[in-house]
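Step one of this worksheet: look at the structure below.
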Amino acid sequence: MEADKRTTTICIVVAIDHTALYYSVCSFCERTLPESNTAAPSVPHCDHCNFTRNTTAVPHHGSTSNPSKRLFRVLMSVATEKWYHSTSALNSSVKLEPLDLRNHKDWLSPNEVIKIFETLQDPNSTLTVLNQLSKRKDYKPNEALYTSVVNNLSKAKNFDGIEEVMNRIKVEKGCRLSDGFFYNVIRIYGLRAGRINRAIETLFEMPNYGSWPTSKTFNFVLNLLVNTKQFDAIHEVYRGAGKLGVEVDACCLNIMIKALCKNGDINAALQVLDEFPKQNCKPNVRTFSALMHGLCNLGRIEEAFSLLQKMETEGIEPDTISINILISGLRKNNQIKESIELFDRMLLKGCEPIPSTYQEILYAFLDSKKYIKAMNLAKKMTSKKMVPSFNSYKMIIYGLCEEKKMENIDLVLKEMIENGFVPKLSMWKQILRCVISVEGHPQN
């Protein structure tokens with residue numbers, strides 16, 4: 001087998017220091033020489049070799065005129081490639097040896113270290129490389145290094161490794177970390193790892209690292225809890241704002257309102273609205289939209305409209321989302337006429353409806369059996385590059401069949417197909433019945 005095997009050495013450049021490509025060493029012992037502004041150092045030998053040559057008669061390699069040597073700061077990774085020529089062996093295999101920084105003699109700048117982690121082919125080796133690096137004399141951890149390590153571990157889904165790094169940071173106390181670093185860690189715990197409790201713990205552990213959360217990080221955790229429906233934990237985190245030195249802002253209060261509305265506690269959400277002036281905050285359109293959405297879901301339409309009046313009194317202009325919430329609430333409460341009137345008011349004020357608003361009005365026309373108006377609105381939506389739902393087209397065609405509007409049915413069918421929908425067999429059957437009925441009883 002040994003005769004059938006051939007080994008080739010492969011060298012890969014891992015990192016290069018562009019700011020200081022090389023350094024000078026003694027031509028005899030290869031000790032590092034002091035930096036010089038000139039192209040080459042004035043003394044080709046180190047102090048030790050000069051002293052030895054002056055005090056002993058032992059000959060040295062070369063002469064005193066030998067120039068100093070230049071060594072380049074290039075970090076290499078060496079691998080072996082083995083080729084097997086026997087029929088029973090593999091065709092080829094390449095095995096990269098793990099990066100080893102323990103015997104790397106060159107001084108590594110912070111940028112070089114970060115480059116090493118950014119170019120690691122195997123993110124699972126991140127902790128091994130970090131442990132090697134921590135044993136070097138030039139090991140100077142900083143936020144950029146820890147960020148690269150955490151991101152690598154996140155790519156490898158080694159979330160236990162991230163906790164190990166966080167414990168290392170706490171013990172080393174080698175650098176001051178910003179809120180942005182912890183925001184990234186909390187985001188990984190919450191969104192990638194699904195470790196919501198660990199995200200909360202990291203938020204409250206920030207002072208132990210000498211860092212304090214901003215409103216952005218604090219609100220991110222609150223919103224994370226809302227989206228994962230952990231309503232019991234939201235109140236506890238909110239109460240911890242003062243302990244963490246976080247100033248409650250309008251965004252924070254809006255998240256609390258959103259949480260209470262999702263939990264069905266609309267009365268408590270309305271009480272949060274009273275907290276805005278106490279916290280020196282002003283409610284915005286998102287505040288009222290969340291409350292109106294909660295009220296409409298419970299069928300409390302009149303209270304939702306009272307909030308609309310309150311908005312206008314306080315000089316807050318309703319947006320398309322808040323109007324859409326009210327239109328949807330009116331339609332679901334069978335107040336079809338009122339929803340259409342609100343839509344018309346919206347257009348008169350120059351507020352451009354969003355696609356979902358048009359869709360709600362389209363359903364309102366269909367609920368009130370105004371099929372021609374529904375057909376015209378669907379055509380208007382298409383002209384604005386909005387696509388009505390398949391169910392809308394189905395209801396329009398069924399309604400036009402009831403009214404025996406064959407010419408309009410043909411137009412709706414063409415428009416439906418142009419928008420990428422394929423009529424189902426049941427629709428064709430309904431149209432066929434309508435055709436037979438019209439031909440059997442022609443209109444005058």
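A short reminder: the numbers here are calculations on the coordinates, not readings from a lab. This one's a predicted model, so the numbers in the text were calculated from it and none came from an experiment. In this analysis, Cβ positions are derived from the backbone assuming ideal geometry, glycine residues included, and neighbour counts consider all displayed protein chains.
Under 19 Å from a label point set 7 Å out along the Cα-to-Cβ vector of Gln279, the amide N atoms of segment 293-307 belong to 293-294.
If you stretched the chain out fully between Thr228 and Lys157, how much longer would it get, using 0.36 nm times the residue separation minus the C-alpha to C-alpha distance?
Details: separation 71, 0.36 × 71 = 25.56 nm, distance 2.05 nm.
In short, 23.5 nm is gained.
If a spin label sat at a point 7 angstrom from the Cα of Ile321 along the line to its beta carbon, the backbone N atoms of segment 192-226 nearer than 19 Å would be those of 216-217, 219-226. For the residue pairs Lys337/Lys394; Lys369/Lys404; Lys380/Lys424; Lys369/Lys394; Lys349/Lys373, alpha carbon separations beyond 18 Å are given by Lys337/Lys394; Lys380/Lys424; Lys349/Lys373.
Per residue, how big is the convex hull around the C-alpha atoms of segment 248-300? Give it to me in cubic angstrom, could you? Write down the numbers at each step before the final one.
Details: hull volume 3.2 nm³, N = 53.
That works out to 60 Å³ per residue.
Each Lys and Arg adds +1 at its Cβ and each Asp and Glu adds -1 at its Cβ; summed about the Cα centre, segment 387-444 shows a dipole of about 220 debye. Checked against a 23 Å cut-off, the cross-linked pairs Lys137/Lys170; Lys310/Lys384; Lys229/Lys332; Lys155/Lys229; Lys258/Lys282 give Cα-Cα distances beyond that limit for Lys310/Lys384; Lys229/Lys332; Lys155/Lys229. One quarter of the convex hull surface built on the alpha carbon atoms of segment 387-444 amounts to 3.7 nm², the projected area averaged over directions. Relative to the Cα centre, the charge distribution of segment 248-300, modelled as +1 at Lys and Arg Cβ and -1 at Asp and Glu Cβ, gives a dipole magnitude of about 140 debye. Multiplying the residue separation of Glu236 and Lys385 by 0.36 nm and removing their Cα-Cα distance gives an extension gain of 49.0 nm.
Compute the length gained on full extension between Asp344 and Arg176: take 0.36 nm times their separation in residues and subtract their Cα-Cα distance, giving the result in nm to one decimal. List each step's numbers first, then the result.
Details: separation 168, 0.36 × 168 = 60.48 nm, distance 5.74 nm.
Residue separation times 0.36 nm, minus the Cα-Cα distance, leaves 54.7 nm.
Computed from the C-beta positions of Arg70 and Asn267, the FRET efficiency with R₀ = 56 Å rounds to 0.10.
What the Cα atoms of segment 115-230 give is an Rg and a Dmax of 14.3, 48 Å.
Mind ranking 417-427, 186-196 by how tightly packed they are, going by the mean number of other C-beta atoms within 10 angstrom, highest first? It would help to have the intermediate numbers written out before the result.
Numbers: 417-427: 12.1, 186-196: 18.2.
So the peptides 417-427, 186-196, ranked by packing, come out 186-196, 417-427.
Using a basic spin-label model with each label point 7 Å from the Cα along Cα→Cβ, how many nm lie between Glu352 and Asp410? Output for this residue pair reads 3.5 nm. With the charge dipole of segment 248-300 set up from +1 on Lys and Arg Cβ and -1 on Asp and Glu Cβ about the Cα centre, the Cα lying farthest toward the positive end among the listed residues Ile255, Gly299, Asn267 is that of Gly299.
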